[in-house]
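Student: Right, I'll just put the structure down here and ask away after.
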Amino acid sequence: MSASLSRPRVGVWLIGARGSVATTVVTGCAAVTAGLHPPTGMVTETAAFTGSGLPALSDLVFGGHDTHDCPLPKRAESLTAGGVLPPGVHTAVAAELAVADREIRPGGPAPGDTRGETELITAFSDDLRDFLHRHELERAVVVNVASTEPASPGPDAPLPASTLYALAALRAGCPYVNFTPSEGMHHPVAAREAQRDGLPHAGRDGKTGQTLLRAVLGPMFAQRALTVRAWSGTNLLGGGDGAALADPAAAAAKNAGKERVLADTLGTVPEGEVHIDDVPALGDWKTAWDHIAFDGFLGTRMILQTIWQGCDSALAAPLVLDLARLTARAHEAGMSGPLGALGFYFKDPVGDGPSGLAQQYEELVRFGRRLGEADADGPGTRAMRDTQETGGAR
């Protein structure tokens, strides 16, 4: 592990805590900690981050919000049957899953919920403060891994649930990571409060498959001076994400990040669109196909096609663990505001930073070095302690 086991424990509060990604995060963390599986896919467990002072996986304490009531052990059993989790792991870490499940609180707004926005934000932030207090945690990172929401229809519309959770995180003094395309901290109301509070935050929309390839291939075409004429794509996926993205408004929010990667790396947006098809039979598995038309020397027309087939939860879970550890350490070191150096993980990153994956990785490694050199008891640590002592008042 890249951190001492004697360091204080850190909370990871998952929004959508009983979903496929969250269940895989908790199961995977327990399995890696127990030595049942290697930390494959976790960049923070590579040699480049050995001296970054990150919290150990064994020191992470999980909780969260969800509107569903299927217990984590049962959810893990279902994911095992679907081939997402390896056989036997959910049984081996059943105790850890049960402990995390007891820390999941009802989310909202659920159907029939009569609470207003202020009441919901207060209830969510109270849950966070209670979690911090009971486990004697110096900090907790809130990570949104819930299903994608449609884009907000306008400034006068009710606050989306993702923004209610983001505001609750801020008011509880907790850093926030948005792993989804949902509005979250991007909403003007939350953005203003985030700027005022100065807590570190990162997002949005985890870069796990198709866009990961785009972040590699886009710079390749630009660097080789090859003209991309058209770039089209199709996504086939099932599970909760597939059902959520069957809504055209939710799909549009998802595709915006995919288009941004091309615009930033190519300097222009080529012809073509990305289509997302809900195929329930695929479950948590997805297939992404890209068709790239480009011109070579003397206008010779050529085609590159890629096919990406993978398990969405297994691709996302190690990134969520990385982000929770990096953001917690940034908070401990007194860093504030958007963490642009974490753009390596996102389709539509906050803050400033490069767009190509290779350059994003270099920036991430530099960030890891800065974390290792930072004061372990910086302003972020003291701010969290003050929040706990005053009951989270700001």
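The values are calculated or read from the model by the stated rules, or taken from the named source; none is laboratory data. Here the structure is a predicted model, which means the values were calculated and not measured. So basically every Cβ, Gly included, is an ideal-geometry build from the backbone, and we count neighbours across all protein chains shown. Just so you know, the surface numbers come from the protein's heavy atoms only, side chains and all, with ligands and any DNA or RNA stripped out. Shrake-Rupley method; radii C 1.70, N 1.55, O 1.52, S 1.80 Å.
Student: Going residue by residue through region 250-265, is there one that turns out to be in a strand (DSSP E or B) and at pLDDT below 95?
Tutor: no
Student: Still on this structure: Can you say whether residue 64 is touching a strand residue (DSSP E or B) at 6+ places or on another chain (Cβ under 6 Å) and either open to solvent by less than 60 Å² (accessible area, probe 1.4 Å) or part of a loop (DSSP other than H, G, I, E, B) (or both), as far as the supplied structure shows?
Tutor: Against the criterion (touching a strand residue (DSSP E or B) at 6+ places or on another chain (Cβ under 6 Å) and either open to solvent by less than 60 Å² (accessible area, probe 1.4 Å) or part of a loop (DSSP other than H, G, I, E, B) (or both)), residue 64 qualifies.
Student: Show the residue pairs meeting these rules: Cβ distance below 6 Å; 6+ apart or different chains; first residue within region 220-232 and closer than 9 Å to residue 293 by Cα; second residue exposed (fewer than 13 other Cβ atoms within 10 Å of the Cβ) and modelled with pLDDT under 95.
Tutor: Listed by first residue and then by second, the contacts come to 230/271.
Student: Another one. Just to be sure, is residue 326 of a type outside the set (S, T, N, Q) and surrounded by fewer than 17 Cβ atoms within 10 Å (Cβ to Cβ)?
Tutor: no
Student: Exactly one condition in (1) farther than 25 Å from residue 207 by Cα; (2) out of contact with any helix residue (DSSP H, G or I) (no Cβ under 6 Å at 6 or more places or on another chain); (3) polar (S, T, N, Q) is false for residue 50; which is it?
Tutor: Of everything listed in (1) farther than 25 Å from residue 207 by Cα; (2) out of contact with any helix residue (DSSP H, G or I) (no Cβ under 6 Å at 6 or more places or on another chain); (3) polar (S, T, N, Q), residue 50 misses just condition (1).
Student: Out of region 67-91, which residues are closer than 24 Å to residue 103 by Cα and either of a type in the set (A, V, I, L, M, F, W, C) or in a loop (DSSP other than H, G, I, E, B) (or both)?
Tutor: Within region 67-91, 67, 68, 69, 70, 71, 72, 76, 79, 84, 85, 88, 89 meet the criteria.
Student: Please specify each residue of region 48-61 satisfying the condition of being part of a helix (DSSP H, G or I) and open to solvent by 20 Å² or more (accessible area, probe 1.4 Å).
Tutor: Within region 48-61, 48, 58 meet the criteria.
Student: In region 78-104, which residues are of a type in the set (D, E, K, R) and open to solvent by less than 60 Å² (accessible area, probe 1.4 Å)?
Tutor: 101, 103
Student: Another one. Tally the residues that are touching a residue at least 40 places away in the same chain (Cβ under 8 Å) and part of a loop (DSSP other than H, G, I, E, B), restricting the search to region 352-369.
Tutor: Going through region 352-369 one residue at a time, the tally reaches 2.
Student: For region 74-121, enumerate the residues that are more than 20 Å from residue 20 (Cβ to Cβ) and touching a residue at least 40 places away in the same chain (Cβ under 8 Å).
Tutor: Listed by number, the residues that qualify are 108, 109, 117, 120, 121.
Student: Something else now. Which numbered condition in (1) within 19 Å of residue 324 (Cβ to Cβ); (2) assigned to a helix (DSSP H, G or I) is the only one that residue 98 fails?
Tutor: (1)
Student: Further question: What are the residues in region 270-290 that are more than 23 Å from residue 24 (Cα to Cα) and open to solvent by 60 Å² or more (accessible area, probe 1.4 Å), if any?
Tutor: Within region 270-290, 271, 273, 275, 277, 289 qualify.
Student: Just the residues that are open to solvent by less than 40 Å² (accessible area, probe 1.4 Å), within 14 Å of residue 322 (Cα to Cα) and either not hydrophobic (A, V, I, L, M, F, W, C) or not in a loop (DSSP other than H, G, I, E, B) (or both), please, taken from region 25-47.
Tutor: 25, 26, 28, 29, 32, 43, 44
Student: Just wondering, is there one or more residues in region 180-189 that are within 12 Å of the chain's Cα centre (by Cα) and aliphatic (A, V, I, L, M)?
Tutor: no
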